[in-house]
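Please read the structure below before turning to the comments.
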Amino acid sequence: MSHEVQAGWWDSVSIYLHPRPLTLLFLGFSSGLPLLLVFGTLSFWLREAGIDRSTIGFVSWVALAYGFKWVWAPLVDRLRIPLLSGLLGRRRSWLLTAQLAVAAGLVGMALADPVQDLEQLVWLAVLVAVSSATQDIVIDAFRIESGGVRLQAAMAATYMIGYRLAMIVSGAGVLWLAAWVDPDEASYQHGPWQFAYLVMAGLMTVGILTTLVVGEPHPPQRPPADATREPALFGHLPVWMLPAARWIWSAMLSPFVDFFGRYGWLALLVLALIASYRISDIVLGVIANVFYVDMGFSKTEVANVTKVFGVAMTLCGAVIGGVLVNRLGVMRILFVGALLSAATNLLFALLAEAGASVPLLIGVVAMDNLSGGMAAAAFVAYLSSLTNVQYSATQYALFSSVMLLMPKFLGGFSGVIVDRIGYPQFFTLTALMGLPVLLLVWLAGRYTKLQGQRGDV
């Protein structure tokens, strides 16, 4: 058994005192703030503005930007921003640029009323999502380059704490602010939402200040170009094309060649697991806030229970997951997290049948978020273990993008499905979606070897 598995419980817990996990707390806040503002919170806003469920479901495809970030991740991984990279370093210069773009996009969203300017609001949400995805690329690379395998689960957990704290702010905080300045919750008003989103834009300064004060991670020493590994096609290209061809090969293609070269056919199994692991949670999450509005829960009830208490439960799950991963290994916790995440979706079906019961909502949210936090901590550690540090930004972006693409695409149809079969049947369907994941986790645990960790369930 590995040293990580043999480590005592105190060593497993004290790992959170390392400086790098603390740094990831603040970067996690910066990363988590924009997501709900173009996803869950936005759907609540749109539903209150009278936008129909089907349209809201399709608008959720804005979040697919997070699923395509692997397309430009090689540029972020290799290109330097003129002047700014010289002052801050490659990682921090990209971070600052992305964070400023997120803040500007949020200001634009605040000024757009979905009743009159829905298309404009959607395009601004796309800007925020693309900029936020770019920020995530850099933060993931920063995290992977900042510590060894033993630190990855702890950094993932503190990152998730910051991320979820930001989700409290961008979820409950927005609802509180909107309710605070709303003169009449019985009718839709644009002003309260405008105020709340402007405050969110201002809170991006947390990430901006962190980027300015944190140290640049030491970049990995990239191996020199090896002509024997270049495609034979290069020998037939004109001399003037070789520099560009070699850059494309090393920056954009080599990370993918490296991954498939290391895992062979097992790479397909790994990608299948990554693509489906969070499907139950993500598909349900698209319609969750619309469900709360339709059930008759108030802004304050939704904010207090799902955005504050629920996030607290997620944080508990993340910390527990980080400790258990360090103690027992990734794959065991990955399996348990997948099982619990799918099973707890059935509780939403129970809530849909019972009606707007706040006590039941508290119980459902507690179980769902606790299991989700544990699963997410294990999953981030799993993805990190698959990554070659030489291509950290590109490969992690590929993995996290694959994780989002299918679930978010299917989630876009959630409004249509609910209109046809109703909420109880929809939530049962999302639970069943998680069953194949259990088999994939078992197969991956049996046939793949994680870097530095034992890979059996």
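Test of understanding: among Glu119, Glu48, which residue is out of contact with any helix residue (DSSP H, G or I) (no Cβ under 7 Å at 6 or more places or on another chain) and closer than 30 Å to Phe195 by Cβ? Even if it seems obvious, please write down each step before you answer.
Working: Glu48 fails: out of contact with any helix residue (DSSP H, G or I) (no Cβ under 7 Å at 6 or more places or on another chain).
Every option except Glu119 fails the conditions.
Going by the structure shown, is Leu17 at pLDDT below 90, hydrophobic (A, V, I, L, M, F, W, C) and over 14 Å from Val290 (Cα atoms)?
So Leu17 fits the description; yes.
Could you count how many residues in the range 427-457 are closer than 15 Å to Leu271 by Cα, within 24 Å of the chain's Cα centre (by Cα) and either assigned to a helix (DSSP H, G or I) or at pLDDT 80 or above (or both)?
Residues flagged as closer than 15 Å to Leu271 by Cα, within 24 Å of the chain's Cα centre (by Cα) and either assigned to a helix (DSSP H, G or I) or at pLDDT 80 or above (or both) within the range 427-457 amount to 9.
Table: residues versus (1) surrounded by fewer than 21 Cβ atoms within 10 Å (Cβ to Cβ); (2) touching a strand residue (DSSP E or B) at 6+ places or on another chain (Cβ under 8 Å); (3) not in a helix (DSSP H, G or I).
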{"position": "Ile81", "(1), (2), (3)": "yes, no, yes"}
{"position": "Ser85", "(1), (2), (3)": "yes, no, no"}
{"position": "Arg92", "(1), (2), (3)": "no, no, no"}
{"position": "Gln99", "(1), (2), (3)": "no, no, no"}
{"position": "Gly105", "(1), (2), (3)": "no, no, no"}
{"position": "Gly108", "(1), (2), (3)": "yes, no, no"}
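Run down Val323, Val311, Val302 and say which single residue is modelled with pLDDT of 85 or more and of a type outside the set (Asp, Glu).
After ruling out the rest, the residue left standing is Val302.
Mind counting the residues in the range 259-309 that are in a helix (DSSP H, G or I), closer than 27 Å to Met331 by Cβ and either in contact (Cβ under 8 Å) with a residue 12 or more places away in the chain or in contact with a helix residue (DSSP H, G or I) (Cβ under 7 Å, 6 or more places away or on another chain) (or both)?
Applying the first criterion (in a helix (DSSP H, G or I)) to the range 259-309 yields 259-263, 266-276, 279-295, 299-309.
Narrowing further to those that are closer than 27 Å to Met331 by Cβ: 259-263, 266-276, 279-285.
Within this subset, residues satisfying the condition of being either in contact (Cβ under 8 Å) with a residue 12 or more places away in the chain or in contact with a helix residue (DSSP H, G or I) (Cβ under 7 Å, 6 or more places away or on another chain) (or both) are 259-260, 262-263, 266-267, 269-276, 279-285.
Final tally of qualifying residues: 21.
Across the range 176-207, which residue is modelled with the highest pLDDT among those that are surrounded by 17 or more Cβ atoms within 10 Å (Cβ to Cβ), in a loop (DSSP other than H, G, I, E, B) and not hydroxyl-bearing (Ser, Thr, Tyr)?
Met204
Considering only the range 398-406, I want to know if a residue exists there that is farther than 21 Å from Gly162 by Cα and modelled with pLDDT of 80 or more.
yes
For the range 43-89, which positions are under 21 Å from the mean Cα position of the chain (by Cα) and among the charged types (D, E, K, R)?
Once the filter is applied, which keeps residues that are under 21 Å from the mean Cα position of the chain (by Cα) and among the charged types (D, E, K, R), the range 43-89 yields Lys69, Asp77.
Within the range 265-273, is there a residue that is farther than 19 Å from Gly32 by Cβ and under 17 Å from the mean Cα position of the chain (by Cα)?
Taking every residue of the range 265-273 in turn, at least one turns out to be farther than 19 Å from Gly32 by Cβ and under 17 Å from the mean Cα position of the chain (by Cα).
What about Ala7, is it more than 25 Å from Leu405 (Cα to Cα), modelled with pLDDT under 85 and aliphatic (A, V, I, L, M)?
Spelling it out, Ala7 is indeed more than 25 Å from Leu405 (Cα to Cα), modelled with pLDDT under 85 and aliphatic (A, V, I, L, M).
Given the residues Leu37, Leu33, Leu100, Leu96, which is the only one that is closer than 30 Å to Asp419 by Cβ and at pLDDT 90 or above? Outline the logic, then answer.
On the way: Leu33 fails: closer than 30 Å to Asp419 by Cβ; Leu100 fails: closer than 30 Å to Asp419 by Cβ; Leu96 fails: closer than 30 Å to Asp419 by Cβ.
Exactly one residue qualifies, and that residue is Leu37.
Is it the case that some residue within the range 367-378 is more than 29 Å from Leu268 (Cα to Cα) and touching a Phe, Trp or Tyr at 6+ places or on another chain (Cβ under 6 Å)?
There is no residue in the range 367-378 that is more than 29 Å from Leu268 (Cα to Cα) and touching a Phe, Trp or Tyr at 6+ places or on another chain (Cβ under 6 Å).
Just one of the numbered conditions (1) closer than 16 Å to Leu404 by Cα; (2) at pLDDT below 85 is not true of Ser280; which one?
Just one mismatch for Ser280, condition (2).
Of the numbered conditions (1) in contact with a Phe, Trp or Tyr (Cβ under 8 Å, 6 or more places away or on another chain); (2) under 16 Å from Ala275 (Cα atoms), Asn388 satisfies every one except a single condition; which is it?
Exception for Asn388: condition (2).
The values are calculated or read from the model by the stated rules, or taken from the named source; none is laboratory data. Quick caveat, the model's predicted, so the values are computed rather than measured. Don't worry about glycine lacking a Cβ; one is built from the backbone with ideal geometry, like all the others, and counts go over all protein chains shown.
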